[in-house]
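These notes concern the structure reproduced below.
The values are calculated or read from the model by the stated rules, or taken from the named source; none is laboratory data. Since the model is a prediction, treat every value here as computed from it, not as a measurement. Every residue, glycine among them, receives a Cβ derived from its backbone with ideal geometry; neighbour counts consider all protein chains shown.
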Amino acid sequence: MDKRKVICLAAVIAIVFFSLLALLLTGNIKNGNTACIYSGGKLVKTIDLSTAENQTFTISGEDGGRNTIEIKDGTIGVINADCPDKICVHTAYISDGVQPIVCVPNRLVIRIEASRQENSHVD
Amino acid sequence: MKRKYLSAALPAAALCLSALTACTDDQPYTKSAFTFDTFITFTIYESESADPPEEICEGAVDMLNSLDGELSRTNPDSVISALKKQAYNSPVSVSDTTYLLIKSCKDLSELTDGAFDFTLGEISSLWGFGSDNGKKPDDAALAELADRKNYENISFDDESRTISFTEEGFSVDLGAAAKGYALDMLDSYLRKAGVTSAVVDFGGSILTIGKKDGYSWNISVTADESDSPVGTLAVNDGFIATSNGAKRFVEYDGVKYHHIIDPFTAYPADSGIKSCTVYAADGLISDALSTAFFVMGQEKTEQFYEKYKIAEYIITLDDGTLKTSEGIAADFRASQNG
């Protein structure tokens with residue numbers, strides 16, 4: 001193998017290595033299931049369900065609405081809310097997200113996103 | 001020019017190193033919003049429009065907000081509220097959109113012999129769906145409102161576009177029809193805007209436009225409060241609506257009462273159907289018939305299907321058994337655990 005071929009091969013390996021590094025650093029390679037919690041259209045919390053410990057916490061919306069959220073065994077759900085219809089509480093816990101959990105009165109959305117997409121918007 | 005919406009997240013550095021980025025999946029444009037007392041998510045895969053997809057979606061949401069202002073039962077300034085207040089005393093002038101919707105609803109009520117009834121506003125109010133401070137309605141009060149077929153007491157004047165009530169004591173509730181009609185309008189809007197491949201999830205009701213990368217859409221069909229699908233339905237252009245009482249209900253003295261009222265009893269429907277999904281070429285029909293079939297039960301649904309064949313269904317019975325109409329059986333794949 002002459003010197004020029006070795007340099008070419010090294011260049012290709014370097015390109016592949018740095019491309020992989022760039023994709024890893026920018027989160028473009030899919031990782032675990034991440035629960036994204038939006039309140040009033042803003043992303044207020046992200047939780048990696050594959051590593052998160054069981055816990056409960058409360059999200060307060062801009063209009064004062066409150067939803068108490070539980071992480072349990074790699075799933076996420078709403079256990080209490082001050083909204084009138086309680087549809088968010090009646091929705092089963094999610095982990096891999098065909099449907100999001102939505103509280104319309106409190107403008108809360110919990111969505112599972114395998115990899116974060118920058119061109120996804122919640123208003 | 002046909003445009004595909006790629007992920008904006010692709011880093012510039014990786015773009016330069018094209019050897020690997022060629023492997024990155026195309027990402028559609030997605031946008032979600034609250035409207036119509038529910039949550040909507042647009043996913044646009046292809047468009048021939050010069051307008052950016054965010055502009056198209058924003059225009060669509062504006063249109064839905066405007067329609068909701070007309071049709072809401074809880075908004076005191078809506079057309080529905082005006083009908084309740086005035087339509088018995090004098091004809092109420094309404095927009096072409098609302099006129100067509102309410103007239104179509106009357107046709108569907110007649111077609112389903114009242115299983116779909118859009119004049120149950122007073123019964124819904126008594127049950128207190130959507131509020132957390134009600135109490136179980138009195139049996140006698142419900143019996144008084146049951147089996148009235150009040151849609152027969154609505155008259156229309158095509159020339160003046162006015163609606164009148166010929167009896168008192170009822171109000172319109174378009175909860176089982178408005179979302180489907182809104183999806184019809186959305187379908188026209190998006191197609192006119194140049195969208196050629198998209199799926200819209202409108203609080204669980206689905207609109208599909210075109211195909212996804214040349215293949216049919218695989219839509220998950222759910223039947224309860226969980227997001228575990230009972231199966232997937234392969235469809236091209238069309239509308240899918242699901243009716244069940246899993247998430248929207250009130251609880252009095254520890255008993256759950258879901259929101260789909262049987263017009264003949266004024267109580268939550270108890271027909272043996274746990275959940276009903278309807279696929280049709282028309283949004284209003286899919287929405288109204290999913291409610292009608294849920295009220296009718298399996299046997300009457302099968303008879304209706306044989307007679308009219310205007311929509312396909314997937315029914316989950318109370319015991320978990322799945323029933324699909326013959327026109328859709330080949331396109332539905334039940335889940336392994338379903």
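Worth pointing out:
- Criterion violated by B:Gly203 - all others in (1) more than 20 Å from B:Leu183 (Cα to Cα); (2) in contact with a Phe, Trp or Tyr (Cβ under 7 Å, 6 or more places away or on another chain); (3) within 11 Å of chain A (Cβ to nearest Cβ) satisfied: (1)
Let's see how each residue does on (1) without any contact (Cβ under 8 Å) to a residue 24 or more places away in the chain; (2) of a type in the set (A, V, I, L, M):
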{"residue": "B:Thr242", "(1), (2)": "no, no"}
{"residue": "B:Val250", "(1), (2)": "no, yes"}
{"residue": "B:Gly254", "(1), (2)": "yes, no"}
{"residue": "B:Ile260", "(1), (2)": "no, yes"}
{"residue": "B:Ala269", "(1), (2)": "no, yes"}
{"residue": "B:Lys307", "(1), (2)": "yes, no"}
{"residue": "B:Ile315", "(1), (2)": "no, yes"}
{"residue": "B:Asp318", "(1), (2)": "no, no"}
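- Subset of region B:153-168 that is in contact with a strand residue (DSSP E or B) (Cβ under 8 Å, 6 or more places away or on another chain) and part of a loop (DSSP other than H, G, I, E, B) - its residue that is surrounded by the most Cβ atoms within 10 Å (Cβ to Cβ): B:Arg161
- Screening region B:44-80 for residues that are over 18 Å from B:Lys179 (Cα atoms) and among the polar types (S, T, N, Q) and picking the one that is farthest from the chain's Cα centre (by Cα) gives B:Ser49.
- Flag for B:Ile44 being surrounded by 21 or more Cβ atoms within 10 Å (Cβ to Cβ), modelled with pLDDT of 95 or more and more than 22 Å from A:Ala114 (Cα to Cα): no
- Against the conditions (1) in contact with a helix residue (DSSP H, G or I) (Cβ under 8 Å, 6 or more places away or on another chain); (2) part of a loop (DSSP other than H, G, I, E, B), B:Ser90 satisfies every one except (1).
- Set B:Ser220, B:Ser228: member being in the same structural domain as B:Ser286 (by TED's automatic domain parsing) and touching a Pro at 6+ places or on another chain (Cβ under 7 Å): B:Ser220
- The test for being under 30 Å from B:Tyr305 (Cα atoms) and more than 14 Å from every other protein chain (Cβ to nearest Cβ) holds for B:Leu108.
Results for (1) within 30 Å of B:Ala141 (Cβ to Cβ); (2) of a type outside the set (Asp, Glu), shown as yes or no for each residue.
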residue: B:Gly214; (1), (2): no, yes
residue: B:Thr222; (1), (2): no, yes
residue: B:Glu225; (1), (2): yes, no
residue: B:Asp237; (1), (2): no, no
residue: B:Gly245; (1), (2): yes, yes
residue: B:Val255; (1), (2): yes, yes
